[in-house]
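First comes the structure, then the notes that go with it.
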Amino acid sequence: MTDGSAPITRADVEHVARLARLALTDAEVERLTADLAAVLDHAADVAALDLDGVPPTAHPLPLRNVLRDDAVRPSLDRDEVLAAAPVAEDGRFRVPRILDPS
Amino acid sequence: MTTSGYEAVIGLEAHVELATATKLFCGCPNEFGAAPNTHVCPVCLGLPGSLPVLNRAVVEYALRFAAALGFRVPDESIFARKNYFYPDMPKDYQISQYEEPILVDGSIEVDGVHIGIERAHLEEDTGKTTHMGGGGRIHEADYSLVDYNRAGVPLMEIVSRPDIRTAEQARAYVSELRGVLKALGVSDVKMEEGSMRVDANVSVRPVGTEAFGTKVEIKNMNSLRSLGRAIDFEIERQIAALEAGERIVQETRHWDEADGRTHGMRTKEGSSDYRYFPEPDLVPVAPSGEMRAAAAAAVPELPAARRARLVADWGVSEADARVLVDVDGLADFAAAAVDALRDGAARDVANWCTGDVMAHLNETGLSIEVLPLAPDGLAELVGLVAAGTISRNQAKDVLAECLRAPTRPAQVVAERGLEQVSDTGALAAVVDEVLAANADAVAEYRSGDDKAKKKKRGFLMGECMKALRGQGNPQLLNALLDERLA
Amino acid sequence: MSAATEIAAAVRAGRRTARDVLEEHLARIDARESEVHAFNLVLADEARAAADAVDALVASGADPGPLAGVPVALKDNLCTRGVPTTCSSRILAGWRPPYDATVVQRVVAAGGVVAGKTNLDEFAMGSSTENSAFGPTRNPRDVSRVPGGSSGGSAAAVAAGFAPLALGSDTGGSIRQPAALCGTVGVKPTYGAVSRYGLVAFASSLDQIGPFAGSVADAALLLDVIAGPDPLDSTSSPRVPAALGPGLRDGVAGLRVGLIDELVDAEGVEPEVRDAVSRAAAALEAAGATVERVSVPSVVYGLSAYYLIAPAEASSNLARYDGVRYGLRVDGDDVATMNARTRDVGFGPEVKRRIMLGTYALSAGYYDAYYGKAQRVRTLITRDFARAYERFDALLSPTSPTVAFPLGAKADNPLAMYLSDVCTIPTNLAGHAAASVPFGTGRDGLPVGVQVLVDAEQEPTMFRVMQALEERAS
Ligand SMILES: [Mg+2]
Ligand SMILES: [Zn+2]
């Protein structure tokens, strides 16, 4: 299923929600399956185009080699940085345990 | 591992932190060991609205590496986003090079064999996570703490071709790569501090077959020694599995230094869909001829060439040349000593360096720049031995003192009154005195068999040295004894 | 009426104080903000201090700059140091950036007085400003209707006289469409003309900051201040742009203007809107331009391509809102659960829809068919425009197919909402410049905007056409 023609399924939506780290309710999955199907159906005109000879445009600007000198600039104040943290401890950001080190 | 009818196919991925002043995409200091979260800014913290700007030095370093190992530098390389969630990654994507890396198709000669290097690409490092509770292990931890000082530090990922066949060869490859990177001045390449991290892809196949076996990725080796052990373990494990009729599972396994085994990690199915796409916040890198030429001009003598020169010019062994070149600053130290040498051979300088100096560095853990002994001090020591002022054994003590505290070999010799007595007249007087005082021993020598002769001669020599407080020139003393006892 | 230009001139000359100007605008905000809800945050105290500082500069004989004493409203996706920047999302509620966006620095350095942070569709995703976690903004011309979006708050602030100038961001029409619906001028500059540093990203290869103003001259004044190279944005153009002010009234005699067939006849374009575009074309002809119809065939694929590219980039740009470093956190036993709950609670339905769509379009097996194809369509559109610009100096089209619609009218139909941007999207895909100028009224006497499009970096020509239209609009 690589031509984008097969309809999107509930399972696809659940898989994508896992990739996107979104805890969706059943109702949300239901709704999004329909919404995504509608948008992808609209995009079928694009998916169906034969564009083999056309290069992709990743970027509208024809710039190259935008480089910065290797010179130190001031970093932020740590108190200001950690003030934004939901939970901080010992100068660092605290997070719940990590179960999935993939 | 061909003895068992199998051979291993090994490819290595080395992540090397580049020794720039600042990070890959921002002006925060690239510095190890600062207080947590003090080297961070909107860019490397991934704050909303911040944008990356590429560090020029990183491109220069990559081009220098390319010139050193004959990589092809494509006209254009681009950055991509590798998307996955992990708390040590501030943007929850890593900016890395994917389809169009900055360097392709290089190679490095390791013990006469060319190991291909498929590509080298630039990417940003992640922050550092500390697991709290559960003995610091990720799975048993209660929670984790994140420090983003390392986030955004420039990495070059160097991907070898699967040209490596043994653990020993893998170690030699990494060691040679380290030497080159260090000589180029682009990285500290310290595996223990994590400025060089190596993952290994290992598979085995029956000798004589062409097709690759299923490969397993091994992570978490933090020294050359553990790299070798991990690969050996994994090869044995895979062979044993195949022999037992099992199938090798494609997976990532972690090396556990403590139990000396690799362990499989359960990864969630489908979790490795990275959704790469071109990084829209950066523009392509298209190194100009000028940039390439400047990088090529900045390539110094590489370790292999330097070793060959030491063997040829100084007459040292291949193994000693390797020690001199591999140990930080040692060959430079030796070369400075050789330059300062007035009396003696370069080879003697090298021997002291690979022997006593190295032993001292290993014992103390010091680096060569902080030694109290300057290269011309070592030259002076070699000169004292060559001139016969002190013996080699005395020189060892003198050197030990010079390595401990700032002083000069000549000064130590003078303070301790160590000058060797080489005046034949003075030595003859002592010999005669000793022989007269030990007439019994002389008689027993004369009448004894070979064994007795040897024993008595040693005794008389010892008495002479005792009388001279160990400072008699041994060659001259031996000659005088031989003459008187004949 | 060139309110900002006149204010700056009067303040610089010492004829008015910045403080007086500000109080006058704060009074208007007091009177109508509760029904319009243009702002997420009115910065009255900070603005008073800034205005007083401008007045002190003038008193000391110094020149505060081209925006001296002009109140400026900022879309709430522009970072302001120490001042909450929310993107109208629960996930960023309360977050105070430790830095200013480059455009904010430039506005302040030019003597501008930041009046407040304006409402938007969450993370700039929408065309009605109804997708805000803090409630919708209403159109000052008719408060039962939407102001357009996503920069609806900025458009409404200018239309209601809360500030003579405002900044917005435009990814697929988010400046031009609300400008059209609220009856103001709105400009999407050439990609790279204005630094994006400090603009919270929606779709990085499409986003561009631009001005809202009550007049073409005022829009030029603000764009001149914010445009120009920025070493903090790799995608900012290194070329220093020509000032727009001086050539503004050079007229359009001899200019060749093309009327884009595919957009004039696009799905859902209301007859009154089509009429307005025809009258605009006639007005330009009367002013000495030549006007012809032109076909830019691939623009019909613009909407589809956009709704693959923008969500794809957004899915990646919005990954960082994970509850770890700033903003909302909803607890969970492990990191993945915490991330997923935070994002479920923190993001509204439209943002989730786009994240899901974009993640899908980039995922294994679909990249080539969706994202890859869309990027190739981008090339087609750029080529078609290039052909058109061989024959024309500027192009003309409707900005929005419709006038302002009632609140809630399209809330349940994402595709219908997406169609609001059908005429504006092609410009973002090509990276060119375009602007909306009010030109008469349509249904129910509501404002209609006409879109002027030009090739990359041809803003001076665009502004001449805009000025000519403004002079003939009534
Ligand atoms: Mg990597
Ligand atoms: Zn930084």
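The values are calculated or read from the model by the stated rules, or taken from the named source; none is laboratory data. All of these numbers come straight from a predicted model, not from anything done at the bench. When we count neighbours, we look across all protein chains shown, and the Cβ atoms used for this are built from the backbone with ideal geometry, even at glycine. Heads up: the accessible areas ignore ligands, DNA and RNA and are worked out on the full protein's heavy atoms, side chains in. Shrake-Rupley method; radii C 1.70, N 1.55, O 1.52, S 1.80 Å.
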- Note on the structure: For the range A:44-102, shape from the Cα gyration tensor axes a ≥ b ≥ c, cut at a/c of 1.5 then a/b versus b/c, turns out oblate
- Query: Cα centroid distance between the range A:35-60 and the range B:83-138, in Å?
  - Reply: 32
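Charges at C-beta only: +1 for Lys and Arg, -1 for Asp and Glu. How large is the resulting dipole of the range B:339-457 about its Cα centre, in Debye rounded to 20?
Working: 14 positive and 19 negative charges, 104 e Å.
Around 500 debye, computed over the range B:339-457.
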- Query: Assigning unit charges at the beta carbon (Lys, Arg +1; Asp, Glu -1) and nothing else, what dipole magnitude in debye, to the nearest 20, does chain C show about its Cα centre?
  - Reply: 360
- Message: With unit charges on the beta carbons (Lys and Arg positive, Asp and Glu negative) and the dipole taken about the Cα centre of the range B:76-183, which residue among B:Thr126, B:Gly106, B:Thr166 sits farthest to the positive side?
- Response: B:Thr126
- Note on the structure: Candidate cut points under GluC sites (Glu not before Pro) in the range B:216-250, DSSP loop plus at most 12 other Cβ atoms within 10 Å of their own Cβ, are B:Glu246
- Note on the structure: Under the helix-only model (-39500 (n - 2.57) for each DSSP H run of 4 or more, divided by the residues of chain B), the mean residue ellipticity at 222 nm, to 500 deg cm²/dmol, is -12500 deg cm²/dmol
- By DSSP, what percent of the beta bridges with both residues in the protein assembly as shown are antiparallel, rounded to the nearest 5? 80
- Relative contact order in percent for chain C (Cα pairs under 8 Å, 6+ apart) equals 17
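Tell me the mean residue ellipticity at 222 nm calculated for chain C from its helices only (DSSP H runs of n ≥ 4, each -39500 (n - 2.57), averaged over every residue, nearest 500). Could you put the intermediate results ahead of the total?
Working: 16 runs with 184 residues, N = 474.
Taken over chain C, the calculation gives -12000 deg cm²/dmol.
Using +1 on the beta carbon of Lys and Arg, -1 on that of Asp and Glu, and nothing else charged, what's the dipole of the protein assembly as shown about the Cα centre, debye to 20? Kindly include the intermediate steps, with their values, before the conclusion.
Details: 106 positive and 146 negative charges, 113 e Å.
Dipole magnitude for the protein assembly as shown comes out near 540 debye.
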- For chain C, share of DSSP beta bridges that run antiparallel, in % to the nearest 5: 65
- Under a 10 Å cutoff between Cα atoms, tell me which one of A:Val46, A:Val87, A:Val66 has the largest fluctuation in the Gaussian network model of chain A. A:Val87
- Task: Enumerate the lysines that C:Lys410 could reach by cross-link, defined here as Cα to Cα under 18 Å, with residues fewer than 8 away along the same chain left out.
- Result: C:Lys352
- Query: Any idea of the accessible area per residue across the protein assembly as shown, 1.4 Å probe, to the nearest Å²?
  - Reply: 37
- Message: Classify the range C:361-419 from the C-alpha gyration tensor, please: rounded if a/c falls under 1.5, else prolate or oblate depending on whether a/b exceeds b/c.
- Response: oblate
- Evaluate the relative contact order of the range B:424-485 (contact order divided by residue number), counting alpha-carbon pairs under 8 angstrom at least 6 apart; express in whole percent. 42
- Item | Rounded, prolate or oblate (a/c below 1.5 giving rounded, otherwise prolate when a/b exceeds b/c) for the range B:38-78 by Cα gyration tensor | prolate
- Task: Return the subset of B:Lys23/B:Lys215; B:Lys23/B:Lys82; B:Lys23/C:Lys188; B:Lys82/B:Lys219 for which the Cα-Cα distance in this structure is over 27 Å, preserving the input order.
- Result: B:Lys23/B:Lys215; B:Lys23/C:Lys188
- Task: Pick out, from A:Ala27, A:Leu63, A:Val81, the residue whose Cα sits farthest towards the positive end of the charge dipole of chain A, with +1 on the Cβ of Lys and Arg and -1 on the Cβ of Asp and Glu.
- Result: A:Val81
- Query: For the range B:58-217, what size does the Cα cloud have along each of its three principal axes, sorted from largest down, in whole Å?
  - Reply: 49, 40, 29
- Message: For a quick check of your reading of the filter: which trypsin sites (Lys or Arg not before Pro) in the range B:256-348 sit in a DSSP loop and have no more than 11 other Cβ atoms within 10 Å?
- Response: B:Arg266, B:Lys268, B:Arg342
- Task: Name the long-range amide H neighbours of B:Asp125: under 5 Å, sequence gap of 5 or more, or other chain; modelled H, no Pro or chain starts.
- Result: B:Gly152, B:Val153, B:Leu155
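For chain C, what is the Kirkwood estimate of the hydrodynamic radius, computed as the reciprocal of the mean inverse distance between distinct Cα atoms, to one decimal in Å?
For chain C, the Kirkwood estimate is 21.9 Å.
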- Item | Sparse-neighbourhood loop sites, trypsin sites (Lys or Arg not before Pro) in the range B:97-168 - DSSP loop, at most 11 other Cβ within 10 angstrom | B:Arg137
- Inter-part distance where the range C:324-355 and the range A:64-88 are each reduced to a Cα centre, Å: 24
- Query: With contacts defined as alpha carbon pairs under 8 Å and 6 or more residues apart, what's the relative contact order of the range B:2-297 in percent?
  - Reply: 25
- Task: Calculate how many DSSP beta bridges within the range C:3-226 are antiparallel, expressed in % of all such bridges and rounded to the nearest 5.
- Result: 65
